[in-house]
1. Between the alpha-carbon centers of region 192-225 and region 346-372, tell me the distance in whole angstrom.
2. When the dipole is taken about the Cα centre of the chain, and only Lys, Arg (+1) and Asp, Glu (-1) are charged at their Cβ, what size is it in debye, to the nearest 20?
3. Taking N as the number of residues in region 7-207, what is its alpha-carbon radius of gyration divided by 2.2 N^0.38 Å?
4. Counting only residues 5 or more places away or on other chains, whose amide H sits under 5 Å from the amide H of Glu387 once H atoms are built in the peptide plane?
5. With each label point set 7 Å from Cα along the Cα-Cβ vector, what nm distance links Glu314 and Ser230?
6. Rounded to the nearest 0.05, what FRET efficiency is calculated for Asp89 and Val14 with R0 set to 22 Å and r the Cβ-Cβ distance?
7. Name the residues whose placed amide hydrogens come within less than 5 Å of the amide hydrogen of Ile131, ignoring near sequence neighbours (fewer than 5 apart) on the same chain.
8. Counting only Cα atoms, I'd like the Rg/Rh figure for the chain, Kirkwood definition for Rh.
Amino acid sequence: MSTERWRIETETIVLDADGNGRASYRIITPGHVLTFVVFSQEVPERHRTGRIAEPCFDGMGFLYDGIPGDDRIELERSELLKRSGGRTDWHTIGWTLATRSSASVDHVVDSLARGTQPDRDLLLEQGGYLIRNNGFYGNGRHGSRTWASIPASHPLSEPYRPEMLTLYLWRHFGFDLVQSMAAQRSKTATVLSNSIMRLVGLGNSSGQGMSTLLIKQPDWLQSWLETRESAFSHCVNTTADSEAIARVAQLLDRAELSILDRDRTDNPFSCSTAQLRADLGSIRTMVPNLVIPGDSWERLAVWARENTHLEALETFLSILTETYSAWVDEQSPMLRSRMTRQAIWVGDLTVRQLEKLISDRYRWSLELAAMPDCSKFFFYYSEDEGEPRVGYRQTDPGVEYETFASVPQAVRALNDDLCKASPDQTVARFLVSNPEHRYIVERVLGHADDAYAEIRSNATSPQWVASNLSRFVLGTFGMENAHVPNHRYVLGVFFQGAPTSKDIAGSTHTDWIYPGNAPVAKDPSL
């Protein structure tokens, strides 16, 4: 966006003193025009449940490919109000929902109405965001445009660009929301400074349902990790020059400082604040000792792996990808190609051959399935909220509505039935009598040779920590300053420190990783 100097132009802002109304924006890119429309309302606290099935949200919006007319905007509003029953068409790239941070919005509006800037530290303590993400619904959902149908020439053709642009636009709307509310409350109201805008991110909180996402999407997991590990390998083995060494040292310093302002309530599911700061400081100290111009980064990476917490090592590797970001950006076609891979089928494969494949490549799965309490829990969708929930198999009702969440159980069930079949029978013939195994057979055939497609853990066992995988998913999308209050959910922010629309239009302020004074992640009820 900065390189191409996209422009985000305000088309309409009609908001009252409480922020109720509508806003629409034109996103001008080279060769394309997009529109983002927001329907805003103040939802009373008594109606907030923090669930995706809430009857109404502070913000509902849609991202449109082109320029919608007034009739289309009204149609989208009426369909959005139907929620799961609503429909759109392929001109709409996606629907999106958001919630205000009541404490932050009130503080910022009051400050601006008095003619002053909000208190920077207080804004950070309240979470560092004005708007919190409540989901993006695209890629065919509700009739929206499928991602695979977007041509390569389109600015949103790469994976996750529609979702990430929408998050950025909600952040942008948050600035207009508080400034409009303040202006209607006081004739002497001021506007947010650009530095305060950069400080503000977009909030996010995700529960245990996020943790099962990648279990059901092995192609995604393989794509993400293959791309990431390739980038790490390339950067670690790149010959360093004095400029790159100085850049890595600078970013390690910035990373260590940014941790000072994250939530310091340590928990058993991540590296403690004190240890992470200390380990990053240690890596920073070793830079001049282990890397000189003409060397690669391998010695330092090995030292970090052997002497620091995994989270510190991952932070260092991420800093390397930021240092060599031009090369990393060129790898995006790898991500797209892996995510659109077709299912693999071998028509003449025999039962004996499939059994051997499972024994060779999925033995870990059979071992997990043999552990005590391997299926102690089960996942299902709540009838009231429509969200993933976990039940205790021995006592909770609803096992008949169990959703797929355990590869080990599925592989074990398949293997048990294979043992009863004729070894020379084709798998195709086997599936005629055992059609319930089709999905897991396709999965084994398609991913047996993939290094990263399967999560070698069991989501239905007591050892499963949902927040670990949720944090991985959100970190892959770009969430920063993660805080893990318990084993079920994760809090954090997107785009904290990111350039504003004014910066982007001028192609300035693009170096924003690890800005100082990072926000403190707070409970989503704030």
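None of the figures in this text is laboratory data; all of them are computed from the coordinates on show. Predicted model only: the values in this text are computed from it and were never measured. Methodologically, a virtual Cβ is constructed for each residue, glycine included, from the backbone with ideal geometry; neighbour enumeration extends over all protein chains shown.
1. Region 192-225 and region 346-372 have Cα centres spaced 33 Å from each other.
2. Dipole of the chain, to the nearest 20 debye: 300 debye.
3. The reported ratio for this selection is 1.01.
4. Excluding prolines and chain starts, which carry no amide H, the hits are Ser382.
5. The answer from the label model is 2.1 nm.
6. Step by step, r from the Cβ atoms, then E = 0.30.
7. Ser101, Gly203
8. The Rg/Rh ratio comes out at 0.98.
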